[in-house]
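What follows is calculated from the coordinates using simple rules that are stated; it is not laboratory data. Keep in mind it's a predicted model, so treat the numbers as computed, not measured. Here the Cβ positions follow ideal geometry from the backbone for every residue, glycine too, while neighbour counts run over all protein chains shown.
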There are 2 protein chains.
Amino acid sequence: MRQAEQAADAWRNTQPVQRADFMEAIATEIEALGRDLIAVTMAETHLSEARLQGERTRTTGQLRMYASMLREGSWVEATIDTAQEGRPDLRKMLMPLGPVVVFGASNFPYAYSTAGGDTASALAAGCPVVVKAHPAHPRTSRIVAEAIERAIAKCQVPAHVFQHVDDAGYDTGKLLVLHPYTRAVGFTGSLSGGMALYSYAQQRPDPIPVFAEMGSVNPVIVLPEALSKHGEAIARTCAASVTLGVGQFCTNPGLILGIDCAGLRRFVEVMGQEVAQVAAAPMLHDGILRSYSEKRSRALAAKGVFEAGSAPNEDTEHLANATIAWVSGEDFLRTPHLHEEVFGPFSLIVLCRDATQMQDILQSLGGQLTCSIWAEPTDLQIHTSLLALAQRKAGRIILNGVPTGVTVAAAMMHGGPFPATTDSRFTAVGIHAVRRWVRPVCFQNFHEAFLPEALKNRNTLGIWRLINGQWNKEDVT
Amino acid sequence: MRQAEQAADAWRNTQPVQRADFMEAIATEIEALGRDLIAVTMAETHLSEARLQGERTRTTGQLRMYASMLREGSWVEATIDTAQEGRPDLRKMLMPLGPVVVFGASNFPYAYSTAGGDTASALAAGCPVVVKAHPAHPRTSRIVAEAIERAIAKCQVPAHVFQHVDDAGYDTGKLLVLHPYTRAVGFTGSLSGGMALYSYAQQRPDPIPVFAEMGSVNPVIVLPEALSKHGEAIARTCAASVTLGVGQFCTNPGLILGIDCAGLRRFVEVMGQEVAQVAAAPMLHDGILRSYSEKRSRALAAKGVFEAGSAPNEDTEHLANATIAWVSGEDFLRTPHLHEEVFGPFSLIVLCRDATQMQDILQSLGGQLTCSIWAEPTDLQIHTSLLALAQRKAGRIILNGVPTGVTVAAAMMHGGPFPATTDSRFTAVGIHAVRRWVRPVCFQNFHEAFLPEALKNRNTLGIWRLINGQWNKEDVT
């Protein structure tokens, strides 16, 4: 952390184009690792080659997206109010917080680990990063860290803008969060893990922001008209989403709500049949499999919960079998643990008595990353309050689609009210993820020569600026 | 809080222009209170008529500024990525968090109290507000609350978008922060008060954001060339800033750093003489005066601290006398309590051994709202690391000026690293203060008809939007 602190001033003063070169060099170095990296990660995580190829492309894509953002430059939100009667010259822009500690995620060994979205956005913001490798894929993390170190050498950026801590101990994580030089923390993982880090950060003499993305049950609501018209197709699409990647996505749909009717009973049946055809598969690591088995069993043992379908599993010690269960709205509402995430290929369908109960159930849930609604236009015209409630519960509302598959785009929101994350005001995906690591700094009455480039009169960077209330790319005159 | 929660959906769905009308109606109602309001507040706070007239103008100006922001509309940060190969249609905008609890500040009975900046920005964001009146000016708060209630009636907005809690008890504040329907908290006041609320918020089953602005010592650095050229004038300007409004501003300059030399000794002398001519004056309330007297005495009693000048005070039970003291850099560094704010008309001048010690002292301070630097261009060329450090310590850097006088403008940053505030990423002043109370919500694959107006294809609001990476005011085609 001392080394990160020492690198902080140099890194914050690095020209945006140099930071962009560095982000791109990391992407190139990761690509140069070729199939060797994939093979190591397959062995460590049991994820498929195709999945890992895709995830690596996403990871290098993210790095290049932040490079583009830096080259374009407007992300600093330069805001200028020139001197007027009774008002001094004021110029404000976003600046880096300082050293950021990133905890790698087990379920995204590339895209949310060592060179993943948190690292990339923090580096782009101008913050040195210290990554705590996830103990489930230490070799992958080390290989990617070495790729970043090669990029550091090639780009001649400060040596300690990136550091890698390869230690499985919880104490190391705690020390990193408590360290006086740590200015912010990024985490993707379980509620218990995220809340532990969050509480360490609050215990500091100087609390620091922790952005922890802690998962969610991602409710899927199937409205009557859509159910009636396309029930079986929706059931098949949902089954594919639940079982995608052995259910190990934070946007996995763990809860499906519908109003009880023959169509919904058929929906339950189809989803059950679909998942029964999915081969049991290994999960990321033993701890996750154990947790899945326990939570799945506990859910199935709850009063009023019935299994709708389940993949055969001869080897429960090593494989997870996808499972669909169903329960009545009454039983769901009276069983709090059914509201919690079962991380893995499990989904619970709730047969609600009526629209009011469906609304009550959505209201009873904590904050969510996503809420999906399958609806025909007539459904949406009728269920307006449900749509309003979904917007208060979740960061992303999906119409006629499944929550898995988080597109990396500026308009993506990957975040949501607690307990989905510790701060609903930020996204972990897309260019706006950089805002977690920056703060505004205002320069009052400054000499032109001593202002940051983005705030000088001449707009040499060609960026969008808010000048006296107007967005433009003009010089200040 | 239940009433606020019930008003939340209606208020979030109110058209921006209606919200703007309401903000303006509040401003008009407050103006209509005329001198009667000022008289009540003078009696409650001992602030002067001129000061209160100015503060009321600032308050109504803030309300109208947020109205303008709503009418212009781009603040929602509409971001649209249209469907492409492998990417669904994604549309994101900022939406209100829900009910916000605002704690009135004692030192700004209008501008940071009942209808002040926190209330105005939260209402503009679309959040219902519950104000806890500051017990030091309950009548002022009640009168302003009634003005807001008249505006509610005239504008036919939901009755409980604003509610006023007139209760001096700490327990009431705690209950408001802990209430399940509370979604965020705004506070301006002491470190102990702000941290109490912050810790309640962290103890909730679902932690919520608390933006607490808790003051700061606002270091002023006088660099050698500036001292040599304009030392006496700077001393007089600083003395006026320290004593302005009996020192009861969160941006009051409580610490002045210079490198020891004959010029700095003369600077100390002039500041001492200046404040000795300022009549002792009543503070906002007894508690603040008591705290000032205690902290001032403690500072003056510290080893190596010498009084440079002090206003005569015959009535220490009711009046505060402005005081300037000085201390060596060594003694300052070894006396932690001298680093803390003495809220009131007090400032400590630190005679630093050299530039390195001045840097060490700035480094030793906690986060600050402001850092002021008096410098000639040659000073800035020499002391580059000091300028860099100031940017890491404070939210606003002022060149050749004093920190008091916080202009309400988009480019203003009123905030800073802990303990100046609980979250350095937000400002409490200017249009961007609204960001404390909003979060992004993404709509994926939505029917045009069910999208919020700001995200529809046709840009009927005429707002700036980021469409497929380009800022423009176009329709989506």
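Overview of values
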{"read-out": "Cα long-axis angle, helix B:262-276 against chain B (0 to 90 degrees, to the nearest 10)", "value": "70"}
{"read-out": "Nearest-first distances (nm) between copies at B:Glu146, label 7 Å from Cα via Cβ", "value": "7.7"}
{"read-out": "Residues with amide H under 5 Å from that of A:Thr421, placed H, sequence gap 5 or more", "value": "A:Met214, A:Gly416"}
{"read-out": "Residue-span extension gain [B:Thr335 to B:Leu33] - 0.36 nm each, minus C-alpha spacing", "value": "103.9 nm"}
{"read-out": "A:Ile208, B:Ile38, B:Ile382, B:Ile463 arranged by Cβ crowding within 10 Å, fewest neighbours leading", "value": "B:Ile382, B:Ile463, B:Ile38, A:Ile208"}
{"read-out": "Label distances, nm, B:Pro180 versus same residue in remaining copies, Cβ-directed 7 Å point", "value": "4.3"}
{"read-out": "Normalised per residue, the volume of the convex hull around the Cα set of segment A:274-345 (Å³)", "value": "79"}
{"read-out": "Euclidean distance between Cα centres, segment A:363-431 to segment B:137-173, Å", "value": "33"}
{"read-out": "Rounded to whole Å, sorted largest first: equivalent-ellipsoid semi-axes of segment B:287-404, Cα gyration tensor", "value": "28, 16, 13"}
{"read-out": "Stokes-Einstein D for chain B, Kirkwood Rh over Cα pairs, 20 °C, 1.002 mPa s (µm²/s)", "value": "90"}
{"read-out": "Angle in degrees between helix A:49-72 and the longest Cα principal axis of chain A, rounded to the nearest 10", "value": "30"}
{"read-out": "Of all DSSP beta bridges in segment B:340-477, antiparallel share, percent nearest 5", "value": "40"}
{"read-out": "Residues B:Asn13 and B:Ala159, FRET efficiency given R0 of 22 Å [Cβ-Cβ distance, rounded to 0.05]", "value": "0.90"}
{"read-out": "Whole-Hz ³J(HN,Hα) from phi, Karplus 6.51 cos²θ - 1.76 cosθ + 1.60, for segment A:164-174, glycine and proline x", "value": "10, 10, 10, 7, 7, x, 5, 4, 4, x, 4"}
{"read-out": "CD proxy at 222 nm, helix term only [per DSSP H run n ≥ 4: -39500 (n - 2.57); per residue of chain B; nearest 500]", "value": "-13000 deg cm²/dmol"}
{"read-out": "Under-5 Å amide H pairs with A:Arg396, H placed in peptide plane, nonlocal only", "value": "A:Thr370, A:Cys371, B:Cys442"}
{"read-out": "A:Glu317 versus A:Leu178: modelled label distance in nm, points set 7 Å from Cα along the beta carbon direction", "value": "3.9"}
{"read-out": "Mean separation of Cα contacts under 8 Å (6+ apart) over length of segment A:269-380, as relative contact order %", "value": "25"}
{"read-out": "Equivalent ellipsoid semi-axes, segment A:436-477, via Cα gyration tensor eigenvalues times 5, rooted, Å", "value": "16, 15, 11"}
{"read-out": "Cα-Cα P(r), the protein assembly as shown, percent of pairs per 20 Å interval", "value": "14, 45, 33, 9, 0"}
{"read-out": "Radius of gyration and maximum dimension Dmax of segment A:222-336, Cα, Å", "value": "14.2, 42"}
{"read-out": "Mean Cβ count within 10 Å, highest first, over the residues of peptides A:451-461, B:74-84", "value": "B:74-84, A:451-461"}
{"read-out": "Theoretical FRET efficiency, 1/(1+(r/R0)^6), r = Cβ-Cβ of B:Ser385 and A:Thr460, R0 25 Å, to 0.05", "value": "0.50"}
{"read-out": "Reach of B:Lys92 by Cα under 27 Å, taken over lysines that are not fewer than 8 positions away in the same chain", "value": "A:Lys92, A:Lys393, A:Lys473, B:Lys456, B:Lys473"}
{"read-out": "Backbone HN-Hα couplings from phi across segment B:106-112 [Karplus 6.51/-1.76/1.60, Hz, Gly and Pro as x]", "value": "6, 8, 10, x, 10, 6, 10"}
{"read-out": "Cα-only radius of gyration and Dmax that characterise segment A:54-145, units Å", "value": "17.6, 62"}
{"read-out": "In nm, spacing of pseudo-spin labels at A:Ser68 and B:Arg265 (7 Å Cα→C-beta vector)", "value": "6.5"}
{"read-out": "Axis-nearest residue of A (beta carbon) for the A-onto-B rotation, whole Å", "value": "A:Gln202, 2"}
{"read-out": "Per-selection Rg to Rh, segment A:35-77 - Cα, Kirkwood hydrodynamic radius", "value": "1.23"}
{"read-out": "Peptide A:394-404, shielding by other chains (average Cβ, 10 Å cutoff)", "value": "4"}
{"read-out": "Other-copy label distances relative to B:Asp354, 7 angstrom Cα-Cβ extension, nm", "value": "8.3"}
{"read-out": "Calculated Rg and Dmax of segment A:13-86 using C-alpha coordinates, Å", "value": "18.9, 68"}
{"read-out": "Approximate spin-label separation B:Ala43-A:Asp360, in nm, with each point projected 7 Å along Cα-to-Cβ", "value": "5.3"}
{"read-out": "Radius ratio Rg over Rh of segment A:343-477, counting only Cα atoms, Kirkwood formula for Rh", "value": "1.16"}
{"read-out": "Cβ charges +1 (Lys, Arg) and -1 (Asp, Glu), total dipole of segment B:106-164, debye", "value": "120"}
{"read-out": "With Cα atoms, 0 to 90° folded angle of helix B:16-32 axis to chain B main axis", "value": "50"}
{"read-out": "Enclosed volume per residue, in Å³, of the convex hull spanned by Cα atoms of segment A:143-292", "value": "184"}
{"read-out": "At R0 = 60 Å, FRET efficiency that the Cβ-Cβ distance of A:Glu232 and B:Arg142 yields, to 0.05", "value": "0.45"}
{"read-out": "Highest average packing first - A:342-350, B:361-369, Cβ atoms within 10 Å", "value": "A:342-350, B:361-369"}
